[in-house]
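Undergrad: Let me begin by handing over the structure; questions about it come next.
The values are calculated or read from the model by the stated rules, or taken from the named source; none is laboratory data. These numbers come from a predicted model, not from an experiment. Cβ coordinates were reconstructed from backbone atoms using ideal geometry, including for glycine residues, and neighbour counts include every protein chain displayed. Remember, those area values only see protein heavy atoms, side chains included, never the ligands or the DNA or RNA. Shrake-Rupley method; radii C 1.70, N 1.55, O 1.52, S 1.80 Å.
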Amino acid sequence: MTKLNNKMNIIQDYKIDIEITQNPYDFAMTDLFKMATRINKKRQFLFVSTVLGKHLAVRPQVPILTGALLAMMYHEKLVGHDCLLLQPVVQAIKNQQNMQGILQQVEEQRLELAEEVLFIGFAETATALGHAVFNAFKSNATYVHTTRELLPELEPFVTFEEEHSHATSHRVYCEQPEKLLQAKRIVLIDDEITTGNTVVNIIETLRQKFPTVQHYSVLSILDWRSPQQQAMFAELEARWGVTIDFVSIMSGQFICDGTPLLTNYQVQSTSQATTEMKLLSVNEVVEQKHYYSIAENGVENRAPYMLATGRLMLTTEQHAAQKKLYQTIADQLRGLRTDGPALVIGTGEFMYVPMQIATCLGEDVYFQSTTRSPIYCANNPSYTITEKIAFESPENNGVENYLYNLHSHSYSELFLVIERIANEEVVARAVHALKSVSNANIYVICMHEWGTE
């Protein structure tokens, strides 16, 4: 295809020149991302996804359909023939019409795999994207996502590093490693591949655990590897005796020019005050995993994990059994809605379950997750991130979380969905931060009965 060059101003005199080399479904760049600046000297640019529901609010069907698109692209490459639903999924992502109907078709026509495939989503941004890829398959699929959390009762199945990140250590936990080891192929899912160094690290680690696996695939929305970095993978394939396929919705190269002047001025609210809050526990029985974690400030969180997240491994059979749960929780929340738009908020790595609940809540519903990624915020309407609030992570106390551009819609309700509450006061401070920038009715939905361990 013809290469397309695009020059974009990020902020001040900080610019990016993007050359698109592969864009098979003719997405506009803003269909998939906008640009911002990280508060991170290792890497100051940031591709802010417009389809993930992480830093920007989206219709909840969009990230699930984006994962389905990647799954279909992978499947087409695997089996050598077209997927009939691929073009309808592309159009639904682009025009955001009939998304729930297309999503229903994806659920009804899930893809077949001839042999066991292990899907691994990268924390924290791609936990839901990886889950959405996995969701598109009917059988022979297993899902697990990496985590930044520390679970002392479990030995990590693998640990690897991500050099450029503000939080470097990834861990994979699994109660049944023998199930993971049945995989004949491994698929890694991330939102964006910039250099591929993280991919090299994890495949090098996985090869020690899976000596017989010869086929690796890397799925991402964006792939920015240079020709030299692509050649490096060809050399690794020959050296390791494996195939490493890359599948992305858009790929190319970019060059950043200039240096952003990051002032101390930040439009944000960092809350230390508490407030009264409406804390709801779900009425449905949630299948739980009883492991405690140690937060980054040393505090123990003894609230149970959910099986449904895939943090501790999920098979297609287990995944299918969880789907009724999303509708049941949504039915419980639907009575709290009024006439305006609603926002369902996930927390950190806990994205996919709240995202699925949001798809069941009816019309005019959006989804967004908190993040530990510190993005520079500027009171400039031409810049991507114009508002942020900061508060302590409800699950992983001691880690500052952010929520961006909450003013993007005039929400009537905010549903903050939390997997495991370690400290009710920390959650109350988060609610206070939300109230400082929103007049919406705020509800906290807890995935376990509060006060139990």
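Undergrad: Considering each residue of the range 32-53, count those that are part of a loop (DSSP other than H, G, I, E, B), more than 9 Å from TYR376 (Cβ to Cβ) and in contact (Cβ under 8 Å) with a residue 40 or more places away in the chain, and give that number.
TA: Counting residues in the range 32-53 that are part of a loop (DSSP other than H, G, I, E, B), more than 9 Å from TYR376 (Cβ to Cβ) and in contact (Cβ under 8 Å) with a residue 40 or more places away in the chain gives 6.
Undergrad: Still on this model: Out of the residues in the range 299-338 meeting the condition of being within 27 Å of ARG372 (Cβ to Cβ) and open to solvent by 50 Å² or more (accessible area, probe 1.4 Å), tell me which one is modelled with the lowest pLDDT.
TA: Filtering first and then ranking leaves VAL299.
Table: residues versus (1) at pLDDT 95 or above; (2) out of contact with any Pro (no Cβ under 6 Å at 6 or more places or on another chain).
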{"site": "LEU4", "(1), (2)": "no, yes"}
{"site": "TYR14", "(1), (2)": "no, no"}
{"site": "SER49", "(1), (2)": "yes, yes"}
{"site": "PRO63", "(1), (2)": "yes, yes"}
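Undergrad: Same structure, new question: Output the number of residues of the range 411-423 satisfying the condition of being surrounded by fewer than 19 Cβ atoms within 10 Å (Cβ to Cβ) and out of contact with any Pro (no Cβ under 7 Å at 6 or more places or on another chain). Explain how you work it out, then say what you get.
TA: Here is the first cut: in the range 411-423, the residues surrounded by fewer than 19 Cβ atoms within 10 Å (Cβ to Cβ) are 412, 423.
Narrowing the set further to residues that are out of contact with any Pro (no Cβ under 7 Å at 6 or more places or on another chain) leaves 423.
So the answer is 1.
Undergrad: When you scan the range 60-112 for helices (runs of 4 or more DSSP H) that lie fully inside it, which ones turn up with 3 or more residues that are under 20 Å from THR30 (Cβ atoms)?
TA: Details: elements: 61-79, 86-95, 99-108.
Because the criterion is at least 3 residues that are under 20 Å from THR30 (Cβ atoms), the helices (runs of 4 or more DSSP H) in the range 60-112 that meet it are 61-79, 86-95.
Undergrad: Let me ask something else about it. If you scan the range 113-137, which residues turn out to be part of a helix (DSSP H, G or I) and over 18 Å from LYS54 (Cα atoms)? Outline the logic, then answer.
TA: Let us first name the residues in the range 113-137 that are part of a helix (DSSP H, G or I), namely 127-135.
Scanning the range 113-137 gives PHE134, ASN135.
Undergrad: If you don't mind, there's one more thing I want to ask. Are any of the residues in the range 226-233 at pLDDT 90 or above and small (Gly, Ala, Ser)?
TA: Residues of the range 226-233 at pLDDT 90 or above: 226-233.
Retained after the next criterion (residues that are small (Gly, Ala, Ser)): 226, 231.
So far as the range 226-233 goes, yes, one or more of its residues are at pLDDT 90 or above and small (Gly, Ala, Ser).
Undergrad: Please count how many residues of the range 349-372 are assigned to a loop (DSSP other than H, G, I, E, B) and open to solvent by 10 Å² or more (accessible area, probe 1.4 Å).
TA: Initial filter on the range 349-372 (assigned to a loop (DSSP other than H, G, I, E, B)): 349, 351, 360-364, 370, 372.
Checking which are open to solvent by 10 Å² or more (accessible area, probe 1.4 Å) leaves us with 349, 360, 362-364, 372.
Of the residues in the range 349-372, 6 are assigned to a loop (DSSP other than H, G, I, E, B) and open to solvent by 10 Å² or more (accessible area, probe 1.4 Å).
Undergrad: Among (1) in contact with a helix residue (DSSP H, G or I) (Cβ under 7 Å, 6 or more places away or on another chain); (2) over 15 Å from ARG302 (Cβ atoms), which single condition is PRO394 missing?
TA: Failed condition: (2).
Table: residues versus (1) at pLDDT below 95; (2) open to solvent by 10 Å² or more (accessible area, probe 1.4 Å); (3) closer than 26 Å to HIS290 by Cα; (4) part of a strand (DSSP E or B).
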| position | (1), (2), (3), (4) |
| --- | --- |
| TYR402 | no, yes, no, yes |
| GLU425 | yes, yes, yes, no |
| TYR443 | no, yes, yes, yes |
| HIS448 | yes, no, yes, no |
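Undergrad: Which ones in the range 36-45 are open to solvent by less than 10 Å² (accessible area, probe 1.4 Å) and among the hydrophobic types (A, V, I, L, M, F, W, C)?
TA: Of all residues in the range 36-45, those open to solvent by less than 10 Å² (accessible area, probe 1.4 Å) come to 36-37.
ALA36 - this is the single residue of the range 36-45 that is open to solvent by less than 10 Å² (accessible area, probe 1.4 Å) and among the hydrophobic types (A, V, I, L, M, F, W, C).
Undergrad: Here's something else I'd like to know. State whether one or more residues within the range 126-145 are more than 20 Å from the chain's Cα centre (by Cα) and of a type outside the set (D, E, K, R). Before the answer, list the steps.
TA: Step one: list which residues in the range 126-145 are more than 20 Å from the chain's Cα centre (by Cα), which gives 138-140.
In the following step, the residues that additionally are of a type outside the set (D, E, K, R) were identified as 139-140.
For the range 126-145, residues more than 20 Å from the chain's Cα centre (by Cα) and of a type outside the set (D, E, K, R): present.
Undergrad: Go through (1) over 22 Å from the mean Cα position of the chain (by Cα); (2) in a loop (DSSP other than H, G, I, E, B) and name the single condition ILE385 misses.
TA: (1)
Undergrad: Based on what the data block shows, is VAL106 of a type in the set (Val, Ile, Thr) and at pLDDT 95 or above? Before you say what the answer is, go through the steps one by one.
TA: On the way: of a type in the set (Val, Ile, Thr): yes; at pLDDT 95 or above: yes.
For VAL106, the condition - of a type in the set (Val, Ile, Thr) and at pLDDT 95 or above - is met.
Undergrad: Would you call THR21 of a type in the set (Ser, Thr, Tyr), open to solvent by less than 10 Å² (accessible area, probe 1.4 Å) and in a strand (DSSP E or B)?
TA: No, not satisfied.
Undergrad: Continuing with this model, one more query. What tally of residues in the range 200-259 results from selecting those that are β-branched (Val, Ile, Thr), open to solvent by 20 Å² or more (accessible area, probe 1.4 Å) and within 28 Å of the chain's Cα centre (by Cα)?
TA: Qualifying residue count for the region: 4.
Undergrad: While we're here: Cβ-Cβ below 6 Å, separation at least six or inter-chain, first residue in the range 149-170 and loosely packed, with under 15 Cβ neighbours inside 10 Å, second part of a loop (DSSP other than H, G, I, E, B) and modelled with pLDDT under 90: which pairs?
TA: Taking only residues 6 or more apart or on different chains, the pairs are GLU161/THR168; HIS164/LYS42; HIS164/ARG43; HIS166/ASN40; THR168/GLU162.
Undergrad: While we're looking at this one, here's another question. Counting only residues that are closer than 23 Å to LEU32 by Cα and either β-branched (Val, Ile, Thr) or crowded, with 19+ Cβ neighbours inside 10 Å (or both), how many does the range 105-148 have?
TA: 20
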